[in-house]
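Student: Below is a structure I'd like to ask you about.
The values are calculated or read from the model by the stated rules, or taken from the named source; none is laboratory data. Keep in mind the model is a prediction, meaning the values are calculated, not measured. Positions of Cβ are backbone-derived with ideal geometry, glycine not excepted, and every protein chain shown enters the neighbour counts. Surface areas here come from the heavy atoms of the whole protein model, side chains and all, with no ligands, DNA or RNA. Shrake-Rupley method; radii C 1.70, N 1.55, O 1.52, S 1.80 Å.
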Amino acid sequence: LYPREGKNPHAMAHKMDLERPDTAILLMNLPLPPATQNRMGTSTLLHELGHCVHYEGVDLGRPYLFLDVDSQTTEALAMMLERQVVTVDWLTHFLGVPDDEAQQAAAAAWKALRAQELIFARWCLVIYHWEKDIYANPDQDWGDAWWRYKERFQGLTRPADWSNPDPLGKYHLATASAAYYNNYAVGSFVAAQVAAALADHMIIASGRSSRQ
């Protein structure tokens, strides 16, 4: 859970053996005690724990090729969990924030989250289109293609005379699975849909009108 010399700085969850239970692992680099945890670190921890829960919940009776969880579904679950840190329940139950203050803080946090999702959507478009372009034509200048899409989707201006393989600085592109990053964008939509369905189910189960 904590950083040490030579350790991978990334955060990730992985199932070591798809056919054996209790083999999901978690790699994190949380602040070393007595340093305190911040919101982003807690959110990331919940995200990766969501993957672990999903990995361990797979029916081992399924054929081997179906034992690895669907990428978009597992990202949706992870995103649902990571967003708990900006809910009123989290703030009051785990942090002891008075209810009225928690209501205000959660409302502000959700506004920030909506903005973050819009910004992140543009970033996902950069990576998706860059990968699609590079896999179709791998001999081109990767850094040039990278900035074409950053200019197109993020509205950024390429530095003058800039010529570097910038995309290789992105961990997911340099070492992780190919064509995976788009699952974060789709997972975000799925997370919102599942959360809305759960909320409707809870309202109906409580006997209240869904309009409430």
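Student: Let me confirm something: among D59, D89, which residue is in a helix (DSSP H, G or I), out of contact with any strand residue (DSSP E or B) (no Cβ under 7 Å at 6 or more places or on another chain) and not β-branched (V, I, T)?
Tutor: Sole residue among the options that is in a helix (DSSP H, G or I), out of contact with any strand residue (DSSP E or B) (no Cβ under 7 Å at 6 or more places or on another chain) and not β-branched (V, I, T): D89.
Student: Of the residues that sit in region 63-84 and are more than 14 Å from the chain's Cα centre (by Cα) and modelled with pLDDT of 90 or more, which one is least open to solvent (accessible area, probe 1.4 Å)?
Tutor: Taking the candidates together, the pick is P63.
Student: Looking at the structure I just gave you, is A185 at pLDDT 90 or above, touching a helix residue (DSSP H, G or I) at 6+ places or on another chain (Cβ under 6 Å) and under 30 Å from T44 (Cα atoms)?
Tutor: Answer is yes for this residue.
Student: May I ask you to list the residues in region 157-180 that are closer than 26 Å to A136 by Cβ, modelled with pLDDT under 90 and assigned to a loop (DSSP other than H, G, I, E, B)?
Tutor: Hits for region 157-180 are W162, S163, N164, P165, K170, T175, A176, S177, A178, A179, Y180.
Student: Here are D133, D100: which of them is open to solvent by less than 90 Å² (accessible area, probe 1.4 Å) and either outside any helix (DSSP H, G or I) or over 20 Å from V194 (Cβ atoms) (or both)?
Tutor: D133
Student: Considering only region 136-165, how many residues are surrounded by fewer than 16 Cβ atoms within 10 Å (Cβ to Cβ) and either under 19 Å from A178 (Cα atoms) or among the small types (G, A, S) (or both)?
Tutor: 10
Student: To continue, here is another question. Which ones in region 4-18 are charged (D, E, K, R) and either part of a strand (DSSP E or B) or surrounded by 10 or more Cβ atoms within 10 Å (Cβ to Cβ) (or both)?
Tutor: Result: K7, K15, D17.
Student: Now a separate question. Looking only at region 24-50, count how many residues are in a strand (DSSP E or B) and either crowded, with 16+ Cβ neighbours inside 10 Å or not β-branched (V, I, T) (or both).
Tutor: The number of residues fulfilling the criteria is 3.
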